[in-house]
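What follows is a set of notes on a single structure, which appears directly below.
The values are calculated or read from the model by the stated rules, or taken from the named source; none is laboratory data. Just so it is clear, the structure is predicted and the values come from calculations on it, not from any experiment. Don't worry about glycine lacking a Cβ; one is built from the backbone with ideal geometry, like all the others, and counts go over all protein chains shown. What goes into the accessible areas is simple: the full protein's heavy atoms, side chains included, and nothing from ligands, DNA or RNA. Shrake-Rupley method; radii C 1.70, N 1.55, O 1.52, S 1.80 Å.
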Amino acid sequence: MTELHELTALEQWRLLQRGEVGVRELTDHYLERIDAHGDAVGAFVTVTPERARRRAEEVESSVPRTAPLWGLPHADKDLVRTAGVRTTFGSRLFEHFVPEESDALAVQLDEAGAVSLGKTTTPEFGMPSYTESRVAPPTRTPWDTTRGAGGSSGGAAAAVAAGLLPFATGSDGGGSIRIPAAACGLVGLKPSRGLVPAGSGLGAPAGLPVAGTIGRTVEDAAFLLDGIIAKDGDRIRFDHTLRAPAPDDGLFLGAAVRGEGRYQIGVLTDSPWRHDYDIAVDPEATAALDVAVTALDALGHGLEDLSLEPSPDYSAAFRVIWQAGASLIPATTEEELDLLEPLTRWLVLRGRELPASSLVWAIASLSEFEASVIRQFSAYDAILTPTLAMTPRPLGWYDQEDGEHNFAQQVQYTPFTSFVNASGLPAITLPVHWTDDGLPMGAQLIGRPGGEATLLAIGRQLERRLDWTPRRPPVW
């Protein structure tokens, strides 16, 4: 007999809508899964069972079934403040912090009728691309628990991959959804800058971080995306005048369900990091790209190789933004700085040394880079790259003391993700390949501004052809 967690999120929602499964029943099912398997992958830093059960009963009694995510369990990434729930930001500095107010994304998920089960693990302040902090055990990919789940939405991805959640939200400022989704054999969707009001990126330097979704299927990633986009009727409730183009043909779920169209796709194995770092794409990553190219060709899409124009300022500009963002971390005394992990402390101190002119230069440089990339990609409906350049990294692989070396390691593992954030473009990672050792490897599709529907359509076509959804990790 099929268990509830083996169904897709969309299938679970349909059972809830028909009354064949109750919200409390589904909530209890996932809480039991977390209790049985959560420690194996380190997906949660905080679980809130009693609060979740009360919320489930509230949804059943008081929330209209028309709410887009009615009754479905989820969890908040531990960078998102949730009123009354411990929110550590992955740091000992906030190990016992309980906020009085919720961030916009948590509020939107409540309005959509979802049921939060707790907080998923994240690295300290979401800065690294791996999830190994000092306030929680390391987060592991369910496919091989000696290896990390990636980051910074590592806990969210590990939870979905291990069947502890039907889907999950995350944030992505340099690949933080796509990296762990790829390491955990999942679909991870980073929207265009400005599309999701509760995580638009428009309040951050260079507009890098946005809210997005993680699911086992393309449909589930689209379904959750629709749920976190606040709307008044059919109109997206934008908070800024600068925004991503809105779809004109209904919900993103429709594009994922239909999976229609033939498109022109550029194939890219180049990275703007090559100017300053030695970037090598491992055979396992090349194999994933080859699988995607073969499948897309068989589906009738046009494919053409391309390379990026030289971007000599990209590396330096991105580093400045990364360090400047860390400068705002509220550690001022020596005692507070000592609570930070070495990498974070290095970032904070380097960021505070930067003159204002460096930050202004970096923002302007990345704006020029954005315009250049959009122009270079304009002849294509989507761009295909490997998601990662290596297999999921062993736990402890990253240098925890030398900030420069750590940064280089992150660049070499993830050379294809951050430039998408700098460009403000949508992107999706798809689990197209597994190595001989059973490790998942992803391929990334990058879209035009506001091109989420096209990415979902192509992703659904690949999903049908490659049929990755029946695969289950050892921790399941």
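For this structure, a couple of remarks:
- Restricting the first member to the range 279-304 and to residues that are of a type in the set (Lys, Arg), and the second to residues that are open to solvent by less than 30 Å² (accessible area, probe 1.4 Å), no beta-carbon pair is closer than 8 Å while six or more apart or on different chains.
- Of the residues making up the range 399-431, those that are crowded, with 22+ Cβ neighbours inside 10 Å, part of a loop (DSSP other than H, G, I, E, B) and on the phi < 0 side of the Ramachandran plot are 414, 415, 416, 417, 425, 426.
- Filtering the range 367-384 to residues that are in contact with a helix residue (DSSP H, G or I) (Cβ under 7 Å, 6 or more places away or on another chain) and surrounded by 15 or more Cβ atoms within 10 Å (Cβ to Cβ) leaves 369, 370, 373, 381, 382, 383, 384.
- Here the helices (runs of 4 or more DSSP H) wholly within the range 327-396 that include at least 1 residues being at pLDDT 95 or above and within 25 Å of the chain's Cα centre (by Cα) are 342-353, 356-377.
- Subset of the range 135-170 that is open to solvent by 10 Å² or more (accessible area, probe 1.4 Å) and in contact with a helix residue (DSSP H, G or I) (Cβ under 6 Å, 6 or more places away or on another chain) - its residue that is farthest from residue 220 (Cα to Cα): 135
- Some residue of the range 260-274 being of a type outside the set (S, T, N, Q), farther than 30 Å from residue 407 by Cα, buried (at least 18 other Cβ atoms within 10 Å of the Cβ) and touching a residue at least 60 places away in the same chain (Cβ under 8 Å): yes
- Some residue of the range 97-106 being outside any loop (DSSP other than H, G, I, E, B), of a type outside the set (Val, Ile, Thr), open to solvent by less than 50 Å² (accessible area, probe 1.4 Å) and without any contact (Cβ under 8 Å) to a residue 60 or more places away in the chain: yes
- Residues that are surrounded by 16 or more Cβ atoms within 10 Å (Cβ to Cβ), touching a residue at least 40 places away in the same chain (Cβ under 8 Å) and within 18 Å of residue 72 (Cβ to Cβ) occur at least once in the range 200-211.
- Qualifying residue in the range 111-131 (condition: open to solvent by less than 10 Å² (accessible area, probe 1.4 Å), farther than 30 Å from residue 441 by Cβ and of a type outside the set (A, V, I, L, M)): yes
- Checked against the criterion of being modelled with pLDDT of 95 or more, crowded, with 19+ Cβ neighbours inside 10 Å and either closer than 28 Å to residue 159 by Cα or within 19 Å of the chain's Cα centre (by Cα) (or both), the candidates 257, 218 yield just one match: 218.
- Subset of the range 356-388 (residues that are farther than 13 Å from residue 313 by Cβ, in contact (Cβ under 8 Å) with a residue 40 or more places away in the chain and among the polar types (S, T, N, Q)): 376, 378, 385, 387
- Criterion: within 15 Å of residue 4 (Cα to Cα) and free of Cβ contacts under 8 Å to residues at least 60 places away in the same chain - qualifying residue of 33, 18, 65: 18
- Checked across the range 341-352, the condition of being among the basic types (Lys, Arg), under 30 Å from residue 185 (Cα atoms) and touching a residue at least 12 places away in the same chain (Cβ under 8 Å) holds for no residue.
- Count - residues of the range 226-252 that are open to solvent by less than 60 Å² (accessible area, probe 1.4 Å), free of Cβ contacts under 8 Å to residues at least 40 places away in the same chain and touching an Asp or Glu at 6+ places or on another chain (Cβ under 6 Å): 0
- Taken over the range 294-305, the criterion of being surrounded by 14 or more Cβ atoms within 10 Å (Cβ to Cβ), in contact with a strand residue (DSSP E or B) (Cβ under 9 Å, 6 or more places away or on another chain) and closer than 12 Å to residue 264 by Cα is satisfied by 296, 301, 303.
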